[in-house]
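Heads up, the thing below is written out as structure tokens.
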Amino acid sequence: MTTPFSHPSGTDGHQAPPPGCPAHGLRRLYGPEAENDPMGLYEKLRAEHGSVAPVLLHGDVPAWLVLGHSENLHMTRTPSQFSRDSRRWRAQHDGTAPPDHPLAPVFTWQPICVFADGAEHERLRGAVTDSIARIDHRGVRRHINRYSNRLVNEFCQDGRADLVSRFAEHLPMMVMAQILGMPEEYNERLVQAARDMIKGTETANESNEYVMAVLRRLVARRRDTPEEDFATWLTEHPAGLTDDEVGQHLRLVLIAAYETTANLLANVLRMVLTDPRFRARLSGGHMTLPEAVEQTLWDEPPFTTIFGRWAVGDTELGGKRIKAGDALIVGIAAANADPVVRPDPTASMQGNRAHLAFSGGPHECPGQDIGRAIADTGIDALLLRLPDLQLAVEERELRYSAALMSRQLLELPVTFAPRPPQDVTGPPNATPSARRPQWQVDSPRPVPVSELQPLPQSPQTEVPQEVPATAAPATAAMLPEQAPANAPRRAWRAVARWWRGH
């Protein structure tokens, strides 16, 4: 089997096949070890090989995993050495990575900016970034609040819910479908297809085709009937994108934004519910939700890796000899934990945006601020509606599913005091105000207090269910049982209303 590691032996000690190569047991980035403890696997690879490690992808296809923070930055910032054009990959030419490979939706070349370099990359990415710049961010935050209310309304009366399947998996798709211009296409199948197509499963190619069929219909509609949405802006951009190029870039934006944000939402909520440092700093005013999001991007990045880069020619990275046509993987989670830049993994990274959660260089994610907005606005809305959220299981019972590019929290079961639904168009509140009852006076004479009886509620009046005394009052910065009595609530409410776009 051809591998990138079968170079002639030399004097540098890194050219001979390392222990674990197909003949020596090379570690795989798929299977039980990678799925059960990806971070543990990265640290084993770091200990064995240093900042760049030889690994095997699905089907035992060889590649290099870049673990070091500076090495990842160099790779992503030097397209002249490490190209995004997957047609350079030697494994595709010799049949090692066939067209029906489980990762084909990820590495198969398409006419999009993510597989381009130089002038062509600038033309295609320019169309994407110009269109992203036209998005009304205040309007997006209003959509986030509206969709958050809608999702919470579906389970707020139950007193318990799974925040992954009922909230984190759906909010980003609802928002992105609105931004792209296809809210009518939002459904459960689109959600699951988007999650499946990048995991290297047997159904990944089928899921990819379903997503593309949805987007091709959207492109055809926008060519005939332009609207004020992302799809129209791409079709009308001066770069002159073809229908295929528009459809492929819509898929790129949709999947990148959806997968990263769904994972980010789940990860931030888990850390808020389980990490005492998060809860104390948030409730004490020492950390805002946007800062909590940034800390999570260090600790639990939504993409653990990004595949891939391809060596333009023979070169060296992290002391390893890389041959032309070799595949390399951006090791996001491993780089964020690199002891060179983060010697204490438990230390707060508040205010530090040097993480690689959105990659780096000319291919750094252009829509990362939309993902941040969905995460911090959506979580803020959820905590305002259900301020007494508590994890329903022990943290050790939480289950994950890991694939090459992401580690997904499968469930986040919580409990809370049941509450009635509220108007989805209004700002999120813990206890929506009931309509004023229709008071009636039968006689003008004064009535002694001892004779007063409770008046019946109007049939149209919605009365919120009583919240237990242990539940904290609703403020934008509050978490269960944490808000200090003297917190500057009035000022924070004003900031929160501004932040949510109201």
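Thr78 meets the stated requirement of being more than 20 Å from the chain's Cα centre (by Cα), of a type in the set (Ser, Thr, Tyr), surrounded by fewer than 19 Cβ atoms within 10 Å (Cβ to Cβ) and modelled with pLDDT of 95 or more.
Among the residues of segment 183-198, what is the count of those that are in a loop (DSSP other than H, G, I, E, B) and surrounded by fewer than 22 Cβ atoms within 10 Å (Cβ to Cβ)? Show your work before the answer.
Taking segment 183-198 first, the residues in a loop (DSSP other than H, G, I, E, B) are 186-187, 197-198.
Now narrow it down to the ones that are surrounded by fewer than 22 Cβ atoms within 10 Å (Cβ to Cβ): 186-187.
Residues flagged as in a loop (DSSP other than H, G, I, E, B) and surrounded by fewer than 22 Cβ atoms within 10 Å (Cβ to Cβ) within segment 183-198 amount to 2.
Quick check on segment 212-226. Is at least one of its residues within 11 Å of Ala193 (Cβ to Cβ), loosely packed, with under 14 Cβ neighbours inside 10 Å and within 27 Å of the chain's Cα centre (by Cα)? For segment 212-226, residues within 11 Å of Ala193 (Cβ to Cβ), loosely packed, with under 14 Cβ neighbours inside 10 Å and within 27 Å of the chain's Cα centre (by Cα): present.
Considering only residues in segment 97-118 that are in contact with a strand residue (DSSP E or B) (Cβ under 6 Å, 6 or more places away or on another chain) and crowded, with 19+ Cβ neighbours inside 10 Å, the one that is nearest to Gly240 (Cα to Cα) turns out to be Val106. Out of Ala256, Ala239, Ala193, one residue alone is touching a residue at least 24 places away in the same chain (Cβ under 8 Å) and touching a helix residue (DSSP H, G or I) at 6+ places or on another chain (Cβ under 6 Å). It is Ala239. Pull up segment 285-306, narrow it to residues that are among the β-branched types (Val, Ile, Thr) and outside any helix (DSSP H, G or I), then point me to the one that is modelled with the lowest pLDDT. Looking at residues that are among the β-branched types (Val, Ile, Thr) and outside any helix (DSSP H, G or I), I get Thr288. Residues in segment 140-182 that are in contact with a strand residue (DSSP E or B) (Cβ under 9 Å, 6 or more places away or on another chain) and in a helix (DSSP H, G or I): Val152, Val164, Phe167, Ala168. Kindly establish whether Ile135 is under 29 Å from Arg189 (Cα atoms) and either surrounded by fewer than 22 Cβ atoms within 10 Å (Cβ to Cβ) or of a type outside the set (Val, Ile, Thr) (or both). The answer is yes for Ile135. Leu151 passes every criterion in (1) in contact (Cβ under 8 Å) with a residue 12 or more places away in the chain; (2) open to solvent by 10 Å² or more (accessible area, probe 1.4 Å) apart from (2).
Just so you know, in segment 376-427 the residues that are under 21 Å from the mean Cα position of the chain (by Cα), polar (S, T, N, Q) and open to solvent by less than 40 Å² (accessible area, probe 1.4 Å) include one that is modelled with the lowest pLDDT, and it is Ser406.
For segment 310-359, filtering for residues that are modelled with pLDDT of 95 or more and open to solvent by less than 20 Å² (accessible area, probe 1.4 Å) leaves 18. When each of Leu265, Leu234, Leu218, Leu282 is tested for being under 18 Å from Leu382 (Cα atoms), in a helix (DSSP H, G or I), at pLDDT 95 or above and out of contact with any strand residue (DSSP E or B) (no Cβ under 8 Å at 6 or more places or on another chain), the lone residue that passes is Leu265. Screening Glu209 with (1) surrounded by fewer than 21 Cβ atoms within 10 Å (Cβ to Cβ); (2) of a type outside the set (Ser, Thr, Tyr); (3) in contact (Cβ under 8 Å) with a residue 24 or more places away in the chain gives one miss only, at (3). Condition test on Pro362, is it within 19 Å of the chain's Cα centre (by Cα) and open to solvent by 10 Å² or more (accessible area, probe 1.4 Å)? Judged against the criteria, Pro362 is not a match. Scanning segment 148-177 for residues that are under 17 Å from the mean Cα position of the chain (by Cα) and not small (Gly, Ala, Ser) turns up Leu163, Val164, Arg166, Phe167, Glu169, His170, Leu171, Pro172, Met173, Met174, Val175, Met176.
The values are calculated or read from the model by the stated rules, or taken from the named source; none is laboratory data. Being a predicted model, the structure only gives us computed values, none of them experimental. Every residue, glycine among them, receives a Cβ derived from its backbone with ideal geometry; neighbour counts consider all protein chains shown. The protein model used for the area step is the full one, side chains on, heavy atoms only, and it has no ligands, DNA or RNA in it. Shrake-Rupley method; radii C 1.70, N 1.55, O 1.52, S 1.80 Å.
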